[in-house]
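Structure, as structure tokens:
Values quoted throughout were computed directly from the atomic coordinates according to the rules given, and no laboratory measurement underlies them. Keep in mind it's a predicted model, so treat the numbers as computed, not measured. A quick note on method: Cβ atoms are made from the backbone with ideal geometry, for glycine too, and the neighbour counts reach across all protein chains shown.
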Amino acid sequence: MRDRTYASWVGQNQLAEFRLAGELPETGRSSGEVRFADIDWTWEATVSETGVENFMRIDVSVSHAGEEYVVLTGTGLVGA
């Protein structure tokens, strides 16, 4: 339960970064690592079109660094 909560916060932080960038992200994948709550995490974001102009879907998967098991996947939307 603790890891799922932390992973949720990591994913929400990444979604917030996309929203705060001030521009629509390009479709595709990006990833990175972050240390949160003394744990190393890996995140992967997939940006896709929604069919609505200037509105993108972002799926963020969060794992423990070095592991393939996805602790949590969250979805958010970003619009212009």
Being of a type in the set (Val, Ile, Thr) and surrounded by fewer than 18 Cβ atoms within 10 Å (Cβ to Cβ) is the filter here, so list the residues in the range 9-30 that pass it.
27
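Of all residues in the range 1-48, count the ones that are among the charged types (D, E, K, R) and within 21 Å of residue 68 (Cβ to Cβ). Walk me through how you get there before you give the answer.
Step one: list which residues in the range 1-48 are among the charged types (D, E, K, R), which gives 2-4, 17, 19, 23, 26, 29, 33, 35, 38, 40, 44.
Now narrow it down to the ones that are within 21 Å of residue 68 (Cβ to Cβ): 2-4, 29, 33, 35, 40, 44.
Matching residues across the range 1-48 total 8.
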